[in-house]
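So the structure is just underneath, and the comments pick up after that.
None of the figures in this text is laboratory data; all of them are computed from the coordinates on show. On a predicted model such as this, the values are computed, not experimentally measured, just so you know. Backbone-built Cβ (ideal geometry, glycine too); neighbour counts: all protein chains shown.
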Amino acid sequence: MKLMFASDIHGSLPATERVLSLFAESGAEWLVILGDVLNHGPRNALPEGYAPAQVAEILNTCAERIIAVRGNCDSEVDQMLLRFPMTAPWQQVLLEKRRLFLTHGHLFSPTHLPPLTAGDVLVYGHTHIPVAEKQGEIFHFNPGSVSIPKGGYAPSYGMLEDNHLRVIALNDQQVIAQVSINP
């Protein structure tokens, strides 16, 4: 299964347009959105091209291929604009030999893990900082932020392909971090 991950869009129209263009080119089966879709939140500056209603419109064009979780900046009002469910605090994707636990990162995180078993993957956003590593028996994956990156990183997204998780720079396609989750 090939998956694309985007997190912390925060209502940025140019970032969303780039993500959807890359998604169309990628051949990924699903676009996994890890929360903070439409609003920038009180702790963030307005992202470039802030246009939440337009972001909702273009995301809705591929609603049937989106799996999403709710971020700390998402609300029930946002759900009214979106044609895909995004109010669940977490979701799971079952691979042949792995479980991906999808969350935004404000409820479950590397410092507050959900019940996971050896080899599971915690997939989260929230920090806007890319991560692709194994910590103990659990894999940790954060695709960073497509709109408001932090820690000196470029805007980024994630891909799962052939049991490799990669964080990729949104604009120049350079791999920022990667980890193999081969059984």
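Which one of Lys150, Lys134 is free of Cβ contacts under 8 Å to residues at least 24 places away in the same chain and among the charged types (D, E, K, R)?
Lys150
Taking the condition assigned to a strand (DSSP E or B), among the small types (Gly, Ala, Ser) and under 18 Å from Ile66 (Cα atoms), does Gly125 pass? Can you show your working first?
On the way: assigned to a strand (DSSP E or B): no; among the small types (Gly, Ala, Ser): yes; under 18 Å from Ile66 (Cα atoms): yes.
Judged against the criteria, Gly125 is not a match.
Taking the condition of being outside any strand (DSSP E or B), touching a Phe, Trp or Tyr at 6+ places or on another chain (Cβ under 8 Å) and within 19 Å of Arg43 (Cβ to Cβ), how many residues in the range 105-122 meet it?
Of the residues in that region, 2 qualify.
Determine whether the range 137-144 contains at least one residue that is over 25 Å from Thr16 (Cα atoms), part of a loop (DSSP other than H, G, I, E, B), without any contact (Cβ under 8 Å) to a residue 40 or more places away in the chain and out of contact with any Lys or Arg (no Cβ under 8 Å at 6 or more places or on another chain).
Keep residues of the range 137-144 that are over 25 Å from Thr16 (Cα atoms), which gives 137-139.
When the remaining residues are screened for being part of a loop (DSSP other than H, G, I, E, B), the result is 137.
The next check asks that each one be without any contact (Cβ under 8 Å) to a residue 40 or more places away in the chain; those that pass are 137.
Add one more test, that the residue is out of contact with any Lys or Arg (no Cβ under 8 Å at 6 or more places or on another chain), and what stays is 137.
There is at least one residue in the range 137-144 that is over 25 Å from Thr16 (Cα atoms), part of a loop (DSSP other than H, G, I, E, B), without any contact (Cβ under 8 Å) to a residue 40 or more places away in the chain and out of contact with any Lys or Arg (no Cβ under 8 Å at 6 or more places or on another chain).
So is Thr127 surrounded by fewer than 24 Cβ atoms within 10 Å (Cβ to Cβ) and of a type in the set (Ser, Thr, Tyr) or not?
Details: surrounded by fewer than 24 Cβ atoms within 10 Å (Cβ to Cβ): yes; of a type in the set (Ser, Thr, Tyr): yes.
Yes.
Restricting attention to the range 145-162, and to residues there that are touching a Lys or Arg at 6+ places or on another chain (Cβ under 8 Å) and assigned to a strand (DSSP E or B), which single residue is surrounded by the most Cβ atoms within 10 Å (Cβ to Cβ)?
Gly158
Mind checking which residues of the range 34-65 are over 16 Å from the mean Cα position of the chain (by Cα) and β-branched (Val, Ile, Thr)?
Listed by number, the residues that qualify are Ile58, Thr61.
Test each condition in (1) at negative phi; (2) in contact (Cβ under 8 Å) with a residue 12 or more places away in the chain for His128 and report the one that comes out false.
Every listed condition holds for His128 apart from (1).
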